[in-house]
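This report refers to the structure that appears directly beneath it.
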Amino acid sequence: MKIGIVLYPTFGGSGVVATELGKALAQRGHEVHFVSYNQPVRLGSFTQNIYYHEVIVSEYPLFDYPPYETVLASKLVDVVKFEKLDLLHVHYAIPHASAAYMAQQILADEGIHIPFITTLHGTDITLVGKDKSFAPAITFAINKSNAVTAVSESLKSDTYEHFEIKNGIEVIPNFICPEHYGPKPEKNFKNSYAPNGERIITHISNFRSVKRVEDVVRVFKKVSGKIPSKLLLVGDGPDRRKVEDLCRELRTCGDTHIIGKLKKPEEVLSISDLFILPSQKESFGLAALEAMASGVPVISTNSGGLPELNVDGFSGFLSPLGHINHMAENSIKVLKDEAVLGQFKANAKARSLDFSIQKILPMYIDLYNRVSVRVKETLA
Ligand code: GMT
């Protein structure tokens, strides 16, 4: 098949999932055309069957807000027509689903019929999308999609709750490629962060308020009081300053490394003993899955789709939102004993394999085939 994938090119989970999906499809012989405003960060080097089309919005003095959606729709028309695509798969509803719908209508006028699938990732529904300034357009575009997927049952029910959706929504969870995680790094790498054999606790996010990174620092303060530990904070975003201030206030700076954005989070995860994700809302929690794939147990909240991923008492623990003590006690339970930690690490790795690309990719391919057949039958 020839598939167009529309995505955000950034570090966010939706872009990561879309890129890894495209790479996996290409490896299996499909031709994949990525469409975005920048080269996706996880795309990597020149690879067979992969093409990248950049959406370039021209500057014009009239535009206080450059019309990205219109340029994206025009780009999609061009790519579908000249690369003879069979299907578009857009990741993150805003504004990709409505741009795909516009492209579909323009092409239909020319006798070209292209189906599009929308994958909902989370904040496009739970934060941004339900805002009244987006809701009518999002509802329309979801209803006009030839198929809709959500990355968790939780996101599916949130979507039905917040929007008047007439379309069916299939749940296809996020995935990892197990071969990307491991083998374990040189001992020296871990020693450079934990020279006295301290435990390494890690958090990775975009430091937006929904991630509650300050809770990570508060939990760390309590855990490091009982178990010698180091904290690695990976990522960057609006709350970074507040987090730095809190580290100073709680006097945890000496044991904390704020590393910034990393293209390969698996490198940090490979030396980590525990991952903390105290999010207010998380439709899935790809960062937690990546941690588990590296054999790192997860302390997370029980919000959104996290309980569908993190099995309480097995791959880590779940806590109610904001319950710092609960998260700290659970962290200590995992970290205090070498044998217990080893068991949690093995469990986390085992749980991650339920979300391996080998299990999830066939779900997407099956959906692509069903949608293509359905569209052809409607036209016949
Ligand atoms: O987490 C973010 O803020 C980024 C956002 C995105 O769109 O990339 O992540 C969402 O999509 C990921 C991939 O499906 C999910 O794993 C994240 O849970 C989800 N984020 C939220 O729901 C807050």
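Structure data summary
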| read-out | value |
| --- | --- |
| Some residue of the stretch 325-335 being within 16 Å of the ligand (Cβ to nearest atom), open to solvent by less than 10 Å² (accessible area, probe 1.4 Å) and in contact with a Leu (Cβ under 7 Å, 6 or more places away or on another chain) | no |
| Tally, over the stretch 169-190, of residues that are at pLDDT below 95, part of a loop (DSSP other than H, G, I, E, B) and more than 16 Å from the chain's Cα centre (by Cα) | 6 |
| Checking residue 193 against (1) more than 19 Å from residue 368 (Cα to Cα); (2) modelled with pLDDT of 95 or more; (3) of a type in the set (Ser, Thr, Tyr); (4) in contact with a strand residue (DSSP E or B) (Cβ under 8 Å, 6 or more places away or on another chain), the condition it does not meet | (2) |
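For (1) assigned by TED's automatic domain parsing to the domain that holds residue 122; (2) of a type in the set (A, V, I, L, M); (3) within 16 Å of the ligand (Cβ to nearest atom), each residue gets a yes or a no:
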residue	(1), (2), (3)
192	no, no, no
195	no, no, no
205	no, no, yes
218	no, no, no
227	no, yes, no
232	no, yes, no
236	no, no, yes
250	no, yes, no
268	no, yes, no
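Residue-by-condition table, conditions (1) modelled with pLDDT under 95; (2) assigned by TED's automatic domain parsing to the domain that holds residue 366; (3) hydroxyl-bearing (Ser, Thr, Tyr):
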site	(1), (2), (3)
6	no, yes, no
13	yes, yes, no
17	no, yes, no
24	no, yes, no
32	no, yes, no
37	no, yes, yes
41	yes, yes, no
47	yes, yes, yes
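Table: residues versus (1) open to solvent by 30 Å² or more (accessible area, probe 1.4 Å); (2) within 29 Å of residue 265 (Cβ to Cβ); (3) not in a loop (DSSP other than H, G, I, E, B).
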site: 79; (1), (2), (3): no, no, yes
site: 104; (1), (2), (3): no, no, yes
site: 114; (1), (2), (3): no, no, no
site: 143; (1), (2), (3): yes, no, yes
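The values are calculated or read from the model by the stated rules, or taken from the named source; none is laboratory data. Keep in mind it's a predicted model, so treat the numbers as computed, not measured. Positions of Cβ are backbone-derived with ideal geometry, glycine not excepted, and every protein chain shown enters the neighbour counts. Quick note on the areas: whole protein, heavy atoms, side chains included, nothing else; ligands and nucleic acids left out. Shrake-Rupley method; radii C 1.70, N 1.55, O 1.52, S 1.80 Å.
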